[in-house]
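Worksheet: the structure to be examined is printed underneath.
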Amino acid sequence: MIQLITGIRKTHKVAFFYEIAGPFKIDEVPTPEEVPPYGLLVKTRSVGICHSDLHLWQGDYKSIGLPKSLPWIVGHEIVGTIAKKGSLVPESLREGTPVLVYAWQPADENDEIVAEGYTQLASRRRRYAFDIEGGLQEYIVVPHYKYVIPLEGFEEIESIAPLGCAGLTTYNAVKKIRKYIRPDDYILIVGLGGLGIYAVQWAKVLLPEANIIAVDIREEALQFASKIVRDVVYTKVNANTIEILNEITKGRGVRAVIDLVSNNNTVPIYSKILATKGVYNLVGLMGHEVTIPTQILIRKEIVIITTYTGSLADQINVIKLAKKINYKEVISERFKFTEEDVNKAFNKLKEGKILGRGIIVF
């Protein structure tokens, strides 16, 4: 149901961090009075807590110049309602409309790669939390209405926020391997953290005739995932993992690996279980340099692909298909937009104590 928004305050609350890994503090800043002709002012309803935000806060991206300045605002998985609209925004987008904000916006619409549909890979980018300040604030400006996806018809929109990154990235990762998969093939998903729990669900939706295996080093992550997604083989990583996977696949190996970790504890191991003409999809960003066993890969003509989040078209499809997955039960922790809870959320994520996903609710 659309609720009209009235009484936009002249200032709004923002969660800043003033030093790398320092505490988050909530301050007041001026609320934008004007929005671009095609733009929107969105009142934030929830923000997902993503590991990319954690890495920004911890300073893990300093080598590539992020964050760009201090203090800084993180948060790129954003759901809200339209509070104000520009003069050229269509009437169909009314004030009060619930929306998900597509975070991976290009800074230059004439970019050749953007024209091909890869909005997330623009040469110059305008990504919330990375290139511009993020969504951990009560209001944000979206420069063009095409970068919001309406959420009317959803019962509970706050839980949708992680579909703006975790759900989007894994949707694209599964979509990319589809052309390699035949009926009754095996797919291996490595890592059941904040992305993996969506990846197994998208694999069920997009590849219903495939057999899905998921591995993780944590028993609690396997248990959590098994309660949300059934008819998946879950197995804990140990010294006999390859033997176990060979037994599960009856010696056939897996047709595809979606690696949500992508480091030297995963790539050299799981590439061994790939069948001839299989595909290895590297998704995890923080693995840094990895060792690739070229003799195995070349002899089997293995295809290596990568996935960096997803395009605007992918994001639209994610929302269209969202009711086919259990996006609500993925949310294991809800935090309030207070200094105490924001700090608690990031510290729990840092300590690995959030299963599935956590969100901050405004």
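The values are calculated or read from the model by the stated rules, or taken from the named source; none is laboratory data. Worth saying up front: this structure is predicted, and the values here are computed from it rather than measured. Glycine gets a Cβ as well: all are built from the backbone with ideal geometry, and neighbour counts include every protein chain shown. We work out accessible area using only protein heavy atoms, side chains counted, and drop any ligands, DNA or RNA first. Shrake-Rupley method; radii C 1.70, N 1.55, O 1.52, S 1.80 Å.
Sticking with the crude label model, points 7 Å out along Cα→Cβ, report the distance from residue 223 to residue 180 in nm, one decimal please.
Between residue 223 and residue 180, the label points sit 3.4 nm apart.
For the chain, what proportion of DSSP beta bridges, expressed in % and rounded to the nearest 5, is antiparallel?
Taking every DSSP beta bridge within the chain, about 55 percent pair in antiparallel fashion.
Under the classification rounded if a/c is under 1.5, otherwise prolate if a/b is larger than b/c and oblate if not, where does segment 25-182 fall, given a ≥ b ≥ c as square roots of the Cα gyration tensor eigenvalues?
rounded
Please give the charge dipole size of the chain, origin at the Cα centre, charges +1 on K and R Cβ atoms and -1 on D and E Cβ atoms. Round to the nearest 20 debye.
In total the dipole reaches around 740 debye.
Rg and Dmax of segment 207-338, using alpha carbons, in Å: what are they?
16.6, 55
On C-alpha positions alone, give me the angle between the axis of helix 339-350 and the longest principal axis of the chain, in degrees, nearest 10.
So the inclination is approximately 20 degrees.
Could you tell me how far the Cα centroid of segment 179-202 sits from the Cα centroid of segment 102-123, in Å?
So the two Cα centres are separated by 27 Å.
What does the highest-first list of 193-202, 144-153 look like by mean Cβ count within 10 Å?
The packing order, highest mean first, is 193-202, 144-153.
Please work out the Cα center distance from segment 212-280 to segment 305-338, rounded to the nearest Å.
Taking the Cα centre of each part, segment 212-280 and segment 305-338 sit 22 Å apart.
If you take the beta carbon distance between residue 300 and residue 115 as r and set R0 to 35 Å, what does 1/(1 + (r/R0)^6) give as a FRET efficiency, to the nearest 0.05?
In this case the efficiency is close to 0.45.
In segment 259-362, what % of DSSP beta bridges are antiparallel (nearest 5)?
Taking every DSSP beta bridge within segment 259-362, about 0 percent pair in antiparallel fashion.
Ignoring any ligand, DNA or RNA, what whole percent of the accessible area of the chain comes from carbon and sulfur when the probe is 1.4 angstrom?
Taking all protein chains in place, the chain shows 50 percent carbon and sulfur surface.
Could you estimate the translational diffusion coefficient of segment 160-210 from the Stokes-Einstein equation, with Rh from the Kirkwood formula over C-alpha pairs, at 20 °C and 1.002 mPa s, in whole µm²/s?
It comes out at roughly 194 µm²/s.
So with the 1.4 Å probe, I'd like the accessible area per residue for the chain, rounded to whole Å².
45 Å²
How many nm is it between the label spots at residue 209 and residue 243, if each spot is 7 Å from the Cα in line with the beta carbon?
A separation of 3.5 nm, rounded to one decimal place.
Which one of 39, 284, 22 has the biggest mean-square fluctuation once the chain is modelled by GNM with Cα springs under 10 Å?
Judging by the Gaussian network model, the answer is 22.
In segment 57-102, what GluC sites (Glu not before Pro) fall in a loop by DSSP, with at most 12 other Cβ atoms inside 10 Å?
The qualifying sites are 91.
Let me know the volume per residue of the alpha-carbon convex hull for the chain, in Å³.
Dividing the Cα hull volume of the chain by its residue count gives 136 Å³.
7 Å from Cα along Cα→Cβ at both residue 265 and residue 64: what's the point-to-point distance in nm?
Taking the simple label geometry, residue 265 and residue 64 are separated by 2.2 nm.
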